[in-house]
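Below: the structure, in structure tokens.
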Amino acid sequence: MGQDNKDLMIEVKGLTKRYGNFIAISNLNFSVKRGEIVGLLGPNGAGKSTTLRILSTFMAATSGTARVAGFDIFDQSEEVRKRIGYMPENNPLYTDMRVRDYLKFRARLKGLGIKESRERADTVMNECDLTDVYRKMIGQLSLGYRQRVGLADALVSDPELIILDEPTLGLDPNQIRAVRQLIKNLGTKHTVLISSHILHEVEMTCKRVVILNQGKILASDDTSHLQSIMGQAARIVAEIKAPLEELKSAWKDFKGVAAVDISAASGDFYRCVLSFGAEASDPREQIYEMAKENHWGLRELTMQRPSLEDVFVYLTRSQEEEEEEEEE
Amino acid sequence: MQVFNTLLRRELGIYFGSLNGYVIVSTALLLVGVCFSDLVMRLNMEPTDMTLTEMFFSSWYFWLIMLLSAPLITMRSFASEKSSNTYETLMTTPVTDIQVLMSKFCGALSFHAIIWLPVMLSMLILRFYVNDAKVVNIPSVFTTYFAILLVGALYMAIGCFSSSITRSQIVAGMISFTLGMGIFMLSYKALYIMPDTGPMLQLLTKLSLADYMNDSSRAILDTRPLIFIGSLTFFFLFATYHILQWRRWR
């Protein structure tokens, strides 16, 4: 079977794809463990779809190697395809087929027997909430239902790895929530690799994220670890009713405060935005105790962790600055 | 074999599950009907030593249907999959390029065979009423049908090839028609354009599809054109296979 590391579902080494002079992806290296939900994050044109197309064996890389479930994507592409469920971008489907017939057809293509394909089609229709429309033509379905048909197709052979390219593209907020929940549920049984340009989505669904920009990996880590890349663990917002000078000196003496920004708020309150160092633990209890001891009014005390969006902007800006420096 | 059968059923489902298939069949049958009644009228008006099958396959109706129907049948095979991106979902399942190619080719050829089946049945019906072997010769009906399938296989292979090189069905249809017409025109170049006898005329005569159809309609089965048409069919299928393979290398 040629399996080097049984814990790894995807192992990418030096993957590069060129279209003429244009480099779509350059020297990608990352791995995905079995059972992980990993997000491939990046702006449009970052190389996400190209990476997924190569991993799903649809196209070959210019150089580099990748293994899926221990099989080489080029030399053992059929073995790889037996183990993946892939939903491409824009979710292309045969619109002239009925939902159940389409899923049975796909299950047969993926090597399932007649009875098994019927059973699996019914199971995935239940999982993806498609039972109401099972006799409808795919072309007559709404976008949300079509997306679910695409997901059901990716699941129908119960594959080890599910690859989803922009799975919530074009959906309304309720449908997006439903699809996200479905992806989260998939993570209990399958390894999932999803691509998205929506940072919030990756933050909500994935344990780990690979950030791509202009065909290069900027970062690859757990979402919580990535947030600490920015050098700050958290930002605290506190609205306190106190004399301004006393408040300023209190923050000066407060342990772990890296920076503070005080602005006037309504009703004699001051809005304090406090930045703490990466090593600081949650200081909210101490802030509450401090306000209580000084008999200050406290009406808001919230922690704001840096979002993945902050991390993404921070990383892409750093890359641009590095490139500018190199040019100079 | 499971994958091939599943894909073949899907291909036939496209033809018979949509209006397109019925439009092609009914148009072909309309032309055949017009041709058939025309020939029967001619038989009533003047004596001839040709059988009905011979008359039919030497008429321009037959070649009109053949040249027009082949691009219409095959133009969507790969081009529509590529333009709708379903080709990506198809090729990321455990199917091989050869299974996809053969299912599309066999699906198109089966549809072609179904289009021409009523023509053969009408010959047999006429034979039942006329009861004269000089009008309709039964063995010639079968050899003709075999020749239709063989020439059809060549045209379907050309159609699949044309469809594999573009994402546009219209462009695929035009390429298929031009290539098919070009091969067909070789027959007439031999008959009309080059009156002198020489090696070129001999070569073109050997390549003449019209001559082959005429021979078959007289119940003559010659292996030479059979090998020629078979080789040409294989060539176009082989070229299509390599175009499908090329996708992985772009």
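Restricting to the range A:85-121, name every residue that is over 12 Å from A:Leu155 (Cβ atoms), touching a residue at least 12 places away in the same chain (Cβ under 8 Å) and charged (D, E, K, R).
A:Glu89, A:Asp96, A:Arg98, A:Arg100, A:Lys104, A:Arg118
So, in the range A:50-59, of the ones that are outside any helix (DSSP H, G or I) and open to solvent by 10 Å² or more (accessible area, probe 1.4 Å), which residue ends up farthest from A:Tyr86 (Cα to Cα)?
Once the filter is applied, the top-ranked residue is A:Met59.
Looking at this structure, is A:Asn5 open to solvent by 10 Å² or more (accessible area, probe 1.4 Å), assigned to a strand (DSSP E or B) and modelled with pLDDT under 90? Spell out how you get there, then give the answer.
Details: open to solvent by 10 Å² or more (accessible area, probe 1.4 Å): yes; assigned to a strand (DSSP E or B): no; modelled with pLDDT under 90: yes.
Against the criterion (open to solvent by 10 Å² or more (accessible area, probe 1.4 Å), assigned to a strand (DSSP E or B) and modelled with pLDDT under 90), A:Asn5 does not qualify.
Given the criteria assigned by TED's automatic domain parsing to the domain that holds A:Asn126 and either among the basic types (Lys, Arg) or at pLDDT 85 or above (or both), does A:Leu199 qualify?
It is false that A:Leu199 is assigned by TED's automatic domain parsing to the domain that holds A:Asn126 and either among the basic types (Lys, Arg) or at pLDDT 85 or above (or both).
Determine whether A:Asp122 is crowded, with 23+ Cβ neighbours inside 10 Å, modelled with pLDDT of 90 or more and among the acidic types (Asp, Glu).
On the way: crowded, with 23+ Cβ neighbours inside 10 Å: no; modelled with pLDDT of 90 or more: yes; among the acidic types (Asp, Glu): yes.
Answer is no for this residue.
Applying the selection to the range B:213-245, what residues are β-branched (Val, Ile, Thr) and surrounded by 19 or more Cβ atoms within 10 Å (Cβ to Cβ)?
Across the range B:213-245, the qualifying residues are B:Ile229, B:Thr233, B:Thr240.
State yes or no: is B:Glu54 of a type in the set (D, E, K, R) and away from chain A (no Cβ under 14 Å)?
yes
State whether the residues of the range A:172-179 include one that is in a loop (DSSP other than H, G, I, E, B) and in contact (Cβ under 8 Å) with a residue 12 or more places away in the chain.
Scanning the range A:172-179 turns up at least one residue that is in a loop (DSSP other than H, G, I, E, B) and in contact (Cβ under 8 Å) with a residue 12 or more places away in the chain.
Every residue in the range A:22-36 that is away from chain B (no Cβ under 14 Å) and open to solvent by 10 Å² or more (accessible area, probe 1.4 Å), please.
Matches in the range A:22-36: A:Ile23, A:Ser26, A:Asn27, A:Asn29, A:Phe30, A:Ser31, A:Lys33, A:Arg34, A:Gly35, A:Glu36.
Would you please name the residue that is farthest from A:Thr223 (Cα to Cα), looking only at residues in the range A:37-49 that are away from every other protein chain (no Cβ under 14 Å) and open to solvent by 20 Å² or more (accessible area, probe 1.4 Å)?
A:Gly45
For the range B:43-65, which residues satisfy the criterion of being surrounded by fewer than 16 Cβ atoms within 10 Å (Cβ to Cβ) and touching a Cys at 6+ places or on another chain (Cβ under 7 Å)?
Selection gives B:Ser59 alone.
Give the residue, chosen from A:Ile138, A:Ile183, that is buried (at least 17 other Cβ atoms within 10 Å of the Cβ), farther than 18 Å from A:Leu40 by Cα and of a type in the set (A, V, I, L, M, F, W, C).
Every option except A:Ile138 fails the conditions.
Being over 14 Å from A:Ser26 (Cα atoms) and open to solvent by 60 Å² or more (accessible area, probe 1.4 Å) is the filter here, so list the residues in the range A:209-226 that pass it.
Selection gives A:Ser224, A:His225.
Among the residues of the range B:1-28, write down those that are part of a helix (DSSP H, G or I), within 13 Å of another protein chain (Cβ to nearest Cβ) and open to solvent by 70 Å² or more (accessible area, probe 1.4 Å).
Within the range B:1-28, B:Arg9, B:Phe16, B:Leu19, B:Asn20 meet the criteria.
What is the residue count in the range A:78-103 for residues that are touching a helix residue (DSSP H, G or I) at 6+ places or on another chain (Cβ under 7 Å), more than 7 Å from every other protein chain (Cβ to nearest Cβ) and open to solvent by 50 Å² or more (accessible area, probe 1.4 Å)?
Number of matching residues: 3.
When you check A:Gly144 against the structure, is it surrounded by fewer than 21 Cβ atoms within 10 Å (Cβ to Cβ), assigned by TED's automatic domain parsing to the domain that holds A:Lys33 and assigned to a helix (DSSP H, G or I), yes or no?
yes
So which of A:Ser157, A:Ser117 is polar (S, T, N, Q), part of a helix (DSSP H, G or I) and either within 10 Å of chain B (Cβ to nearest Cβ) or closer than 21 Å to B:Asp97 by Cα (or both)?
A:Ser117
Quick one: which residue in B:Leu31, B:Leu68 is open to solvent by 60 Å² or more (accessible area, probe 1.4 Å), modelled with pLDDT of 80 or more and part of a helix (DSSP H, G or I)?
After applying the criteria, what remains is B:Leu68.
Considering only the range B:114-167, how many residues are open to solvent by 60 Å² or more (accessible area, probe 1.4 Å), assigned to a helix (DSSP H, G or I) and under 21 Å from B:Ile73 (Cβ atoms)?
Qualifying residue count, the range B:114-167: 4.
Checking the structure you have, find out if any residue of the range B:75-96 is more than 14 Å from chain A (Cβ to nearest Cβ), surrounded by fewer than 22 Cβ atoms within 10 Å (Cβ to Cβ) and over 22 Å from B:Ser216 (Cα atoms).
No: the range B:75-96 contains no residue that is more than 14 Å from chain A (Cβ to nearest Cβ), surrounded by fewer than 22 Cβ atoms within 10 Å (Cβ to Cβ) and over 22 Å from B:Ser216 (Cα atoms).
Can you name the residue in the range A:60-70 that is away from chain B (no Cβ under 12 Å) and open to solvent by less than 20 Å² (accessible area, probe 1.4 Å) and is also farthest from the chain's Cα centre (by Cα) among such residues? Spell out how you get there, then give the answer.
At the first step, the residues of the range A:60-70 found to be away from chain B (no Cβ under 12 Å) are A:63-67, A:69-70.
Narrowing further to those that are open to solvent by less than 20 Å² (accessible area, probe 1.4 Å): A:66, A:69-70.
On the way: A:Ala66: 20, A:Ala69: 21, A:Gly70: 23 Å.
Looking at the filtered set, the residue picked out is A:Gly70.
The values are calculated or read from the model by the stated rules, or taken from the named source; none is laboratory data. Given the structure is predicted, the values throughout are model-derived calculations rather than measurements. Virtual Cβ from ideal backbone geometry, glycine too; neighbours counted across all protein chains shown. Please note that ligands, DNA and RNA were not included when accessible areas were found on the heavy atoms of the full protein model with its side chains. Shrake-Rupley method; radii C 1.70, N 1.55, O 1.52, S 1.80 Å.
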